[in-house]
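First up is the structure itself, then whatever we jot down about it.
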Amino acid sequence: MHWLYVVPTLIINFAIVLIPALATVLLAFCNFDGLSMPTFVGLANFEALAADRVFWVALGNNIIWTVIFLIVPIAMGLLAASMLLIARRGSSFFQIVYFLPVVIATVITARVWQGMIYSPVTGVFGVLKQYGIAIPNPLTQPSLALFGVATVDLWHWWGFLCVIFFAALRQVPQEQIEAARIEGATYVQMMRYVMLPAIRPTITLLMIMTVIWSFLAFDFVYILTQGGPAFSSELLSTLAYRQAFYELNVGRAAAAALVISLFGLVGTFFYVRIQAREGEQ
Amino acid sequence: MERRTLLKAGLGLASLPFMSRLAFGQDAKPVNFWYESASPENQENLQKLLVEAFNAKHPENALSVDFRGSDLDKQLRVAMLSGTGPDVVYTAGPSYVAAMAQAGQLLPLDDYATKFGWDKRLLPLFLDMGKYNGKLYALAKTYETLGLFYNKTVFEKNGWKAPATIAELETLADEMKGKGLVPFGAGNADWRPANEHYVSIILNSVAGPENVHKALMGEIPWTDPAFVASIDKLAEWWDKGYFGDNYFSLTGEQAFGSVGTGQSGMAPTGTWNFSNVGTYFTANQQEAGFVGFPSLKGDPVYALGVGSTFSINAQSDNPDGAAAVLDYVFSPEFYSTVNSVWQGEWNLPLADLSTVKLSDKVLPLYAETMKTLASAVGEGRYGYTTWTFLPPATDTYLVSGMEEVWLKRLSSTDFLKKLDETFKADKEAGKAPAIPPRA
């Protein structure tokens, strides 16, 4: 009888998550323009994706994006969270300041960066150019476009990690910290031997979520460069979006979406395994 | 006072606003219309000249306009795919119409056309272009062409003449570079598809409208040497620095404005920019000039574009209301009022412009250009813009592919090869828009 309590949630899950997910999986094996009836074509969409140069560029970009987001915001978040722990008094104020970018609508953040910071005509870069420091607008250089967009997303994201790490750090048992301080631990030693090991589950979880979220990254790239210039900042998600809504090739977009999900599944698998292992300890 | 009395009084007062709804047996039926972006001034103009004027004439319908910004085409796609969307559908051109019509998202307009007399009121060429599989689905809201805007004041100061041949254009551009001006005021930061403006220009000016027509009909491939020469020429202009350093950073309006301020010499762009002349030229006491884009031999080429179209949503609850709105839009009365304040975006393809009266505040250059364009189109002397005549996937690829050629990541031959493959696939899938026969 107890399982009847989950039925409402299951129904919602089915309708909103499971059925569309199954539909996407099926459509990946069909030729569907989003408008007329789909026709089954087997692995043709995957073959077309594998033969598409842009798909490999996008996959590479997603991997680069994942590596950046696994390192930079987590390091910044940990550093800032540990600082917040030390400087207890200003912590609420700084938490708000760091978290503010997370709350601002992504479109607004993107447009502010595009027009008020990166633009060589109307932005900070333009002002710098007048003073002789000519930094090119990263959004216009194929070699820098992805990093330019990643910078904006990092600015928007790291505060979230900081707040979470701060909350986790506050849970570290006071006795351990006291003990370490009595034994004369420096800041680095405190972090390395007491704090980080104590919040390891949180860090692991966020790293795996970062992997999953990195493959879902879409909005900043789409608003700032739409994958350009010349596909240099293309991600799997922008590729899928363009194929679905501009080239009217929903089948191939579904195939790209499946590739995204595959990476997410790998991440989830590792997370569940680590959780199970920790549960046994 | 007793609580019950207070409660009854409160309920009575609260229901007053709803009384008016109950009093009339029949409400005005809503007709909604999603528009793209418009400056605050033009939003007011549309409110006054279309919404209020229409609602006054047709009290049984209640028109409302929703300004969705430059994301309209994305929002529209998603809405139409899910079966919702506005009653009056504004699309960015015939290639999108073909796909929507094929999917049954649009209502055929043939009956309304005969009922309201649209088939006689509009230029026949544009009726042809709005057809799919022989049925009429879209009415062109504005037809436009690409040409060369230039700063007449700056030209006179430097003793320059508007170029007529490609060779003259290049000489002029080199001179401008020498003087520190950016030859072409161009930018795609806010509208990446601006790339296809330049591709359209080059295909029509170098390869020529005849060749483009043959390729659109599938008679010659897009890998033909004429097209290779065109793309190579456009890449050459990029390499020579004609587009400046900030092409990817400037928005379309900023780029056009830079011609008005004298930082750029010319703007190869479309007649929709007439709506910006006042702000960037007249306000700076500069005079604007416009000529058809130079061609190899010297006769101006008018690449024809249908900037946007109006259709009726097949799922609309009020198709008659939507049709009435279209009927009001395609009238000389509306043409006069709207073009007097908002040039370039509402060049409705009316067959008879004799009863149209534009206000004296309209730039004479605009009226002249539109007349030249209308006669050129009437005589069959027109070219083809990519956003009007290419099918969707081909057009989408062209935008990014040209960037790859410019940034040296792809050769022009490889770009045209992929373009040709995509075009053939689109055509096979039945997504190609109607191509009227050449005169």
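The values are calculated or read from the model by the stated rules, or taken from the named source; none is laboratory data. Values in this document were obtained by computation on a predicted structure and should not be read as measured data. Reconstructed Cβ throughout: ideal geometry from the backbone, glycine too, with neighbour counts over all protein chains shown.
A few notes on this one:
- Near pairs, Cβ below 6 angstrom, 6+ apart or cross-chain, from the range A:136-149 (within 11 Å of chain B (Cβ to nearest Cβ) and in contact (Cβ under 8 Å) with a residue 24 or more places away in the chain) to any residue that is of a type in the set (Val, Ile, Thr) and buried (at least 18 other Cβ atoms within 10 Å of the Cβ): A:Leu139/A:Thr225; A:Ala145/A:Thr225
- Verdict on B:Ser95 being out of contact with any strand residue (DSSP E or B) (no Cβ under 9 Å at 6 or more places or on another chain), closer than 25 Å to B:Ala194 by Cβ and of a type in the set (Gly, Ala, Ser): yes
- Subset of the range B:207-219 [out of contact with any Asp or Glu (no Cβ under 9 Å at 6 or more places or on another chain) and surrounded by 18 or more Cβ atoms within 10 Å (Cβ to Cβ)]: B:Gly208, B:Pro209, B:Val212, B:Leu216
This table checks each residue for (1) more than 14 Å from every other protein chain (Cβ to nearest Cβ); (2) of a type in the set (Phe, Trp, Tyr); (3) more than 28 Å from B:Val51 (Cβ to Cβ).
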position: B:Ser308; (1), (2), (3): yes, no, no
position: B:Gln315; (1), (2), (3): no, no, no
position: B:Asp327; (1), (2), (3): yes, no, no
position: B:Asn339; (1), (2), (3): yes, no, no
position: B:Leu348; (1), (2), (3): yes, no, no
position: B:Leu365; (1), (2), (3): yes, no, yes
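- Any chance A:Val102 is part of a helix (DSSP H, G or I) and within 13 Å of another protein chain (Cβ to nearest Cβ): no
- Checking each residue in the range B:71-93 for being polar (S, T, N, Q), within 11 Å of another protein chain (Cβ to nearest Cβ) and not in a loop (DSSP other than H, G, I, E, B) picks out only B:Gln75.
- Residues within the range A:166-195 that are buried (at least 16 other Cβ atoms within 10 Å of the Cβ) and either in a helix (DSSP H, G or I) or of a type in the set (Lys, Arg) (or both), tallied: 9
- Among the residues of this structure, B:Ser336 counts as one that is more than 26 Å from B:Ile435 (Cβ to Cβ), under 21 Å from the mean Cα position of the chain (by Cα), hydroxyl-bearing (Ser, Thr, Tyr) and crowded, with 16+ Cβ neighbours inside 10 Å.
- Residues that are buried (at least 19 other Cβ atoms within 10 Å of the Cβ) and not small (Gly, Ala, Ser), drawn from the range B:74-91: B:Leu76, B:Arg77, B:Met80, B:Pro86, B:Asp87, B:Val88, B:Val89, B:Tyr90, B:Thr91
- Considering the range B:239-255, the residues that are outside any loop (DSSP other than H, G, I, E, B) and more than 12 Å from chain A (Cβ to nearest Cβ) include one that is surrounded by the most Cβ atoms within 10 Å (Cβ to Cβ), namely B:Gly252.
- If you go through the range B:25-71 and keep only what is over 25 Å from B:Gly344 (Cβ atoms), among the aliphatic types (A, V, I, L, M) and in contact with a strand residue (DSSP E or B) (Cβ under 9 Å, 6 or more places away or on another chain), you end up with B:Ala28, B:Val31, B:Ala62.
- Residues of the range B:328-351 that turn out to be touching a helix residue (DSSP H, G or I) at 6+ places or on another chain (Cβ under 7 Å) and either in the same structural domain as B:Thr282 (by TED's automatic domain parsing) or not in a helix (DSSP H, G or I) (or both), as a count: 11
- Output for the range B:94-114, where each listed residue is away from every other protein chain (no Cβ under 14 Å), farther than 23 Å from B:Gly305 by Cβ and in contact (Cβ under 8 Å) with a residue 40 or more places away in the chain: B:Leu107, B:Tyr112
- Subset tally (residues that are of a type in the set (A, V, I, L, M, F, W, C) and within 9 Å of another protein chain (Cβ to nearest Cβ)) for the range B:426-439: 1
- Residue within the range A:228-235 that is more than 20 Å from the chain's Cα centre (by Cα) and surrounded by fewer than 21 Cβ atoms within 10 Å (Cβ to Cβ) present: no
- Residue that is without any contact (Cβ under 8 Å) to a residue 60 or more places away in the chain and out of contact with any strand residue (DSSP E or B) (no Cβ under 6 Å at 6 or more places or on another chain), where the choices are B:Gly208, B:Gly178, B:Gly187: B:Gly178
- Members of the range A:107-128 that are more than 10 Å from every other protein chain (Cβ to nearest Cβ) and either surrounded by 16 or more Cβ atoms within 10 Å (Cβ to Cβ) or acidic (Asp, Glu) (or both): A:Thr109, A:Ala110, A:Trp113, A:Ile117
- Single residue of the range A:213-227 satisfying the filter (in a loop (DSSP other than H, G, I, E, B) and more than 10 Å from every other protein chain (Cβ to nearest Cβ)) that is farthest from the chain's Cα centre (by Cα): A:Phe218
- When each of A:Thr210, A:Thr204 is tested for being among the hydroxyl-bearing types (Ser, Thr, Tyr), closer than 27 Å to A:Arg277 by Cβ, in contact with a Leu (Cβ under 9 Å, 6 or more places away or on another chain) and not in a loop (DSSP other than H, G, I, E, B), the lone residue that passes is A:Thr210.
- Only listed residue being closer than 22 Å to A:Gln226 by Cα, more than 14 Å from chain B (Cβ to nearest Cβ) and part of a helix (DSSP H, G or I), chosen from A:Val152, A:Val163: A:Val152
- Residue that is surrounded by the most Cβ atoms within 10 Å (Cβ to Cβ) [pool: residues in the range B:115-129 that are hydrophobic (A, V, I, L, M, F, W, C) and within 15 Å of B:Phe310 (Cα to Cα)]: B:Met129
- From the options B:Ala393, B:Ala432, B:Ala374, residue that is of a type in the set (A, V, I, L, M, F, W, C) and surrounded by fewer than 19 Cβ atoms within 10 Å (Cβ to Cβ): B:Ala374
- Where a residue in the range B:409-426 is assigned by TED's automatic domain parsing to the domain that holds B:Lys214 and its partner, wherever it lies, is outside any helix (DSSP H, G or I) and among the polar types (S, T, N, Q), with Cβ under 9 Å and at least six apart: B:Arg409/A:Ser232; B:Thr413/B:Thr223; B:Leu416/B:Thr223; B:Lys417/B:Thr223; B:Leu419/B:Thr223; B:Asp420/B:Thr223
- Only listed residue being surrounded by fewer than 20 Cβ atoms within 10 Å (Cβ to Cβ) and hydroxyl-bearing (Ser, Thr, Tyr), chosen from B:Thr309, B:Thr279, B:Thr269: B:Thr279
- Considering the range B:370-416, and only residues there that are in a loop (DSSP other than H, G, I, E, B) and of a type in the set (S, T, N, Q), the residue that is nearest to the other protein chains (Cβ to nearest Cβ) turns out to be B:Ser411.
- Members of the range A:231-260 that are of a type in the set (Ser, Thr, Tyr), free of Cβ contacts under 8 Å to residues at least 24 places away in the same chain and part of a helix (DSSP H, G or I): A:Ser237, A:Tyr241
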